[in-house]
1. Does at least one position in the range A:115-128 carry a residue that is farther than 12 Å from residue A:270 by Cβ, in the same structural domain as residue A:258 (by TED's automatic domain parsing), assigned to a loop (DSSP other than H, G, I, E, B) and within 17 Å of the chain's Cα centre (by Cα)?
2. In the range B:140-160, how many are in contact (Cβ under 8 Å) with a residue 60 or more places away in the chain, surrounded by fewer than 17 Cβ atoms within 10 Å (Cβ to Cβ) and in contact with an Asp or Glu (Cβ under 7 Å, 6 or more places away or on another chain)?
3. Just need a number here: residues in the range A:331-340 that are surrounded by fewer than 19 Cβ atoms within 10 Å (Cβ to Cβ) and either more than 7 Å from every other protein chain (Cβ to nearest Cβ) or farther than 17 Å from residue B:329 by Cα (or both).
4. Return the residues of the range B:280-303 that are out of contact with any Leu (no Cβ under 8 Å at 6 or more places or on another chain) and among the charged types (D, E, K, R); say none if nothing qualifies.
5. Looking only at the range A:116-143, which residues are hydroxyl-bearing (Ser, Thr, Tyr) and in contact with a strand residue (DSSP E or B) (Cβ under 7 Å, 6 or more places away or on another chain)?
6. Within the range B:244-282, which residues are over 24 Å from residue B:137 (Cα atoms), in contact with a strand residue (DSSP E or B) (Cβ under 7 Å, 6 or more places away or on another chain) and not hydroxyl-bearing (Ser, Thr, Tyr)?
7. Hey, among the residues in the range A:303-330 that are out of contact with any Asp or Glu (no Cβ under 7 Å at 6 or more places or on another chain) and more than 23 Å from residue A:349 (Cβ to Cβ), which one's farthest from the other protein chains (Cβ to nearest Cβ)?
8. If you go through the range A:42-84, how many residues are in a helix (DSSP H, G or I), small (Gly, Ala, Ser) and touching a residue at least 60 places away in the same chain (Cβ under 8 Å)?
Protein chains: 2
Amino acid sequence: MLIPVILSGGAGTRLWPLSRELYPKQFLPLVGERTMIQDTALRSIGLPDVTAPIVVCNEAHRFLVAEQLRQVGVEPRSIVLEPAGRNTAPAVAIAALAALSGGTGEQKVQGGPLLLVLPADHVLTDIAAFRRAVAAATAAAREGFFVTFGIVPTRPETGYGYIRRGAGQSAVPPVAEFVEKPDAARAQAFVESGNYFWNSGMFLLPAQGYLEELGRLDSAMLTACRKAFDGAQHDLDFVRLDRAAFEACRSDSIDYALMERVSGVLMAEGDFGWSDVGSWVSLADIWPKDASGNASRGEGLFLDSRNCLVYSPHRLAAVVGLRNVIIVDTKDALLVCSKKADQRVKEVIEALKKKGQKIYL
Amino acid sequence: MLIPVILSGGAGTRLWPLSRELYPKQFLPLVGERTMIQDTALRSIGLPDVTAPIVVCNEAHRFLVAEQLRQVGVEPRSIVLEPAGRNTAPAVAIAALAALSGGTGEQKVQGGPLLLVLPADHVLTDIAAFRRAVAAATAAAREGFFVTFGIVPTRPETGYGYIRRGAGQSAVPPVAEFVEKPDAARAQAFVESGNYFWNSGMFLLPAQGYLEELGRLDSAMLTACRKAFDGAQHDLDFVRLDRAAFEACRSDSIDYALMERVSGVLMAEGDFGWSDVGSWVSLADIWPKDASGNASRGEGLFLDSRNCLVYSPHRLAAVVGLRNVIIVDTKDALLVCSKKADQRVKEVIEALKKKGQKIYL
């Protein structure tokens, strides 16, 4: 049995001013008609032998999550609320505990539930390829392996970690190495080699095995998560983790805390038009462009301008004589940013925090 | 007797989207606390031996003109309404007719009223220097000369016409030549020579002499203006020119129609911090700048950006990694424009007209 685990912890600060603390990017219809969490949920329930998803989210977003899933007819298995963000390793531990708490004898005979961990804010365009990758990963995970999804790189991206594929002809080969974000030259070499894949943050894991490995590698984290889950308040809609216990938990990513320290991790190759929509530039890559390479949502008017991105649903935006500029207009804040500098949007948020201008965060 | 003639005919299209057809730049507080037409009126009534100003404006702007002058306590001699724009030569002819229509015997003994023609949308920063230039020009105009104001150039501007000063040591020397907008190399040579001045569009003219020369050079224009003025409707606030007569009048500038064709025109040198605020770049020159050369009105937040201009009174505007970009945010339209391309803002307006998007004009 496959249980989708939708992680909705991202703050999406690099998509400011559209993405806000209280309304991050997974709740926005940035690519299609639906929001990214809606697409993620629909994609997950379309898989074979799958249950309704477990969603792990910040408690401040609980009504957004519940309402957006309701809108697309997805009734989650549970919505677990984090009182604070502790990164992905504890979130997946909580999901594993939730998955096993509803366990039946039948599931245990089959080796227990498998978790398909899906960040809520990723875009995939080739759903058939996604289903093939999940099927391959499921077969491996059924044998007890931890599987990470490695994305076939389409450009020498320096903003992602990479996975080096190990030897063998298997559809789900072993991971030889996890590699930190490279510089441009290394990224170029990675792409050319054909042996390196983007570390997507998507995983397929046996729930029981995950908890066992976590207990072995970081028993304090597992203990904190157990306490938070066992002490949770349940109501009809939400599972509220115990605040003190969860806040006491160490914050770490599933990659650092587990995947890079567990031996025998496998990688399912993913070539399904993946994007983490991690920046305005990555969104510019997804949106359709005019003959001059300009992409716009809302009313953009381009004059002697190339490769610009405009998001302006409320106002006419006239762009004159510019190249590679990102323009994002929201009701109370406007961003005008060089594409080269789009990773610095985070610094705007830091500057606003320093100035006490919380209203824009 | 000196009668200020404030010409409020400009559309200010190069300052779109702030300046609009129904609210052009002379009615906006772009530089100080007051609007440009208010500053122009106050500047004029502070001169010696001066009457209240005659204002010539588009009839659509009549309440704006009347209210803005009322706000600063200037009661105009008359507000003459043009049913359509016909450029400056007819506007000054109308003002001359208005000036003479109220004439008394005493004025005629002194050679009749002099008109100080002032565009409503210019900025001057050195009022004392302005008064000195007007005094010198007045003395010359009393002798019957047409006087144009030539501005000491501060940069090799290619957007203005130039005036070459003739020989002689007079404070108000003869004009040797009017020169069309030069290319960059010629403009540079002009500035270096010290003999060339910007053609400001400000004049000091004997009202009677102006009409006589106009009758000699373009009797049809004079006839049309006379008909429009004689057929005007007068009420307590406004003088409404006869529509059919004025619409039949040829459109031309005072420079082309008269100044360049009349012999013996003199030039008063002006070095009074003049700007016609003819573009966003010229406004960027006037506004105070931070250490990185960025100028802003409203809430601008600059990160790794230089020499940018931001007008954003309603929204936070974050500017990241940009150089020489103009950002103008209004309630319904946003302009993001390279400083190099700021003369092309007019083309945005043409594009909007073509698309039928009158709402933004």
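The values are calculated or read from the model by the stated rules, or taken from the named source; none is laboratory data. Keep in mind that this is a model prediction, so the values were computed, not measured. Quick reminder, even Gly has a Cβ in these numbers, built from the backbone with ideal geometry, and neighbours come from all protein chains shown.
1. Looking for residues that are farther than 12 Å from residue A:270 by Cβ, in the same structural domain as residue A:258 (by TED's automatic domain parsing), assigned to a loop (DSSP other than H, G, I, E, B) and within 17 Å of the chain's Cα centre (by Cα), one finds at least one in the range A:115-128, hence yes.
2. Matching residues across the range B:140-160 total 1.
3. Going through the range A:331-340 one residue at a time, the tally reaches 3.
4. B:285, B:289, B:290, B:297
5. A:138
6. Those that are over 24 Å from residue B:137 (Cα atoms), in contact with a strand residue (DSSP E or B) (Cβ under 7 Å, 6 or more places away or on another chain) and not hydroxyl-bearing (Ser, Thr, Tyr): B:246, B:280.
7. This residue is A:307.
8. 2
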